[in-house]
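Input: a single structure, listed below in structure tokens.
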Amino acid sequence: MKHVSAWLALLLLAGCGPQPKPPPRLMFEGLPVTGSLADARRAGFTDCVQPDYISMRCRKHGVMLEGGGPYEAAVDLIGGDGGGGFYEVVLWHDTDQYAVYKITEGLEHAGWQNCSTATPDEKGDQLIYTRAGAKVRISMDLSYWAKRRLRILPQTNTRDRRC
């Protein structure tokens, strides 16, 4: 029981620090990749819920990208009021796990290169698309448990695996 209480205390403290300023707005094909809550709302991400006291998720329905869709899209904002902004946009299809492949086909046709983060002894993790000069990279789940997602991230995000 002590371990659970300590973990809960750490979780609560994590939400008590100063909230970061939102990152500058970055757009890709009409979708906000980084920015503030206002940026997300201006782009149509108006279906917002606060799942806890330290975050907010705003969704947009019927998103079209690279000739595919309609998809669901979401941005996850820092802070219960979304004041810390967001650092990626996520797309998925509610009923078809393979629908996001239409986006990757469009990217390949437009000259984007891809690589996999998988190692020889693994089945795979992410398929990452990049293009010289692009301010974003696109990462699609290869292995998944629920809905296959496709994330659009700024090139400056160094926390995620790269090829």
Keeping every protein chain in place, order T104, T95 by accessible area at 1.4 Å, biggest value first, i.e. largest first.
T95, T104
Which length gain, in nm to one decimal place, applies between D52 and D81 when the Cα-Cα distance is subtracted from 0.36 nm times their residue separation?
9.4 nm
Accessible surface, 1.4 Å probe, highest first, among residues F28, F45
F28, F45
With all protein chains present and a 1.4 Å probe, how do K147, K60 order by accessible area, largest first?
K147, K60
Furthest towards positive pole of dipole, Q126, G82, Q50, structure part the stretch 31-153, Cβ charges
G82
Using only the Cα atoms, what convex hull volume per residue in Å³ does the stretch 46-149 have?
131
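The values are calculated or read from the model by the stated rules, or taken from the named source; none is laboratory data. Computed from a prediction, not measured in an experiment: that's the story for all the values here. Heads up, the Cβs are rebuilt from the backbone with ideal geometry, glycines too, and the neighbour counts pull from every protein chain shown. Ligands, DNA and RNA are excluded from the accessible area calculation, which covers all protein heavy atoms including side chains. Shrake-Rupley method; radii C 1.70, N 1.55, O 1.52, S 1.80 Å.
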